[in-house]
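Below: one structure, written as structure tokens.
The values are calculated or read from the model by the stated rules, or taken from the named source; none is laboratory data. All of these numbers come straight from a predicted model, not from anything done at the bench. For accessibility, only protein heavy atoms count, side chains too; no ligands or nucleic acids. Shrake-Rupley method; radii C 1.70, N 1.55, O 1.52, S 1.80 Å.
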Amino acid sequence: MTLTGFGIYNISHMLLSGFILMGVILQNLALGYVLPAAQCDLDLTLQQRGWLAAIPFSAVILTSYFWGWLADTRGRRPVMLFSMFISVIMSVLASFAPNLVSFAVLEFLSAIFMSGTTAVVYTYLGEFNDLRHRDKIVAFGSSFVGIGTVALPGISWLILPLEFSVPIHFLGITYRSWRLLIVACAVPYFICSILMIFAPESPKFLYSSGEYDKCLEVLKSIYAINKRTPADLYPVKNLAVEPQANKCGASKPAKSILASMRDQTVPLFQPPLLPWSLLACFVQFGIFATTNGFYVWFPSILNSLANHGATDMRICDILDETKTSAINETLIICDDKMNTSTFEHSIYIGLVFCSMYLIVGFVVDVVGKKLILVSVLSVTGLCGIGANLAANKNLAVVLFAIFQMSGACIGLMNAVNVELFPTKYRAMAICLSMMIGRVGSMAGSNLIGLFLETNCGASFYLFGGIIIVCAILCLTLPNRKREVAKKQTIEPTGNETHEPV
């Protein structure tokens, strides 16, 4: 892989994987903008909006093991290609859903297939780069998550204010702008699935599954594009046969699969790996619960602040006042209009979020993962608590925006996990911590929805405090040197699907 060089091919592959990640974010977080606009058509309460927003995360929790096993046995590329196509189809069907139940079912099915890509894309990106460039490429590819948080409010701003109503009588619905937004957010995913048809399988997977000739062809094509020379000049002519290579087409009985999963999971909860497993799971739970939990309510909160004239009030005072005035109305008229400043503020926050990813990508080799984790989590946690204490609305929005930046530490925590766990258990450790993180997303979105109705301030204090606790726990991380990571990479790794390096 090192002999293939670094150039146009690696950058092009990073862009493809990045756009796939952006598509995942658009699909994952679109409900944050769709649900406020759909609340009248689907007759949604705050609690219903909370569990609807948690659907994508619950789908990942339930199916990540299955998609991981499928990608390990059938390949990264076919799993991603199949899952993206089906997810797009389900999203389009969801835009025609006539009621709450059908909308929830179709969104859940779309999220199930979307999770197939989520489980594999980081590994697919990392396996096309050597150790020297892998961390930076994965970091820059992850920055498309931030780009997605900019694109989402931009697309919503273009579509949601459109005033059109197209009755579809046989379904009993009126096709409005929020339905079109669901389709628009699936378009990047559809484009990526078309491009994926022309992309090769991961050379690491081909090698691990014993397909040496195909692996060599992929390496030659990377070399030819990077070096701008004929593929025949690639200095490697044959690949060494690895004794433990297994054919991906071989079928395994369900009992042996379950036994293998047990053997990979149990050691993570035994000494000496137990403390690191618990730390990784707790930190990912806290970051996901805070970032994704608040993000699905972010448009609703910003919309309430934008529709309120006063600026010398705290966030929760404005939200409580808005809720009280709605309850005291004799005739309650459903209002699903989105203030344009909501989209504008969301774009600004997305730009900061994106720049945070880029900054981490540039400085991670110089400063180190541990210092960045502790610093970012401490600052964002304090800003979360300060967002509710700030007496000025504009200051509160700025602090609230910084609070969301804790999400930039998700990829860093995965990188730390790669160094903490032995190669044999690394994939399962990362898979497990990410799955617990998705549980946090689901729990966070529902808890915050409950707190916004009962005790708004508690949500900021609770989740801000959790992020600070995560920062304190990260102080216990070892200052692992890059040489250790380099040493680990020469161990046989097999088909590690969930390793986002």
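Mean Kyte-Doolittle hydropathy of 0.5 or higher plus an axial Cα length of 24 Å or more: which whole DSSP H helices in the chain meet both?
For the chain, where a helix must reach 24 Å along its axis and average at least 0.5, the hits are 8-29, 55-74, 76-94, 100-118, 131-159, 177-196, 274-295, 340-367, 369-389, 423-454, 456-474.
Going by Cα centres, the range 30-49 and the range 119-142 are how many Å apart?
For the range 30-49 versus the range 119-142, the Cα centre distance is 36 Å.
Using the Cα gyration tensor of the range 64-169, with a ≥ b ≥ c the square roots of its eigenvalues, what is the shape: rounded (a/c below 1.5), prolate (a/b larger than b/c) or oblate (neither)?
oblate
Would you mind working out the accessible area per residue for the chain, using a 1.4 Å probe, and quoting it in Å²?
Per residue, the chain has 42 Å² of solvent-accessible surface.
What is the set of long-range amide H partners of Tyr175 at a cut-off below 5 Å, with H atoms built 1.01 Å from backbone N?
When sequence neighbours closer than 5 places are left aside, the close amide H contacts are Val166, Ile168.
Ignoring ligands, DNA and RNA, what percent of the 1.4 Å accessible area of the chain is carbon and sulfur?
That fraction is 69 percent.
Taking every pair of alpha-carbon atoms in the chain, what share in percent sits in each 20 Å bin, from 0 to the bin with the longest distance?
Values per bin, smallest distances first: 23, 55, 21, 2, 0.
Calculate the radius of gyration of the Cα atoms of the range 349-405 to one decimal place, then report Dmax, the largest Cα-Cα distance, as a whole number, both in Å.
Radius of gyration, then largest Cα-Cα span, for the range 349-405: 12.6, 39 Å.
Please tell me which of these pairs span more than 30 angstrom C-alpha to C-alpha: Lys220/Lys370; Lys204/Lys369; Lys204/Lys227; Lys136/Lys204; Lys136/Lys220?
Lys220/Lys370
Need the full-extension length gain, Ser221 to Ile168, defined as separation in residues times 0.36 nm minus the C-alpha distance. One decimal, nm.
14.1 nm
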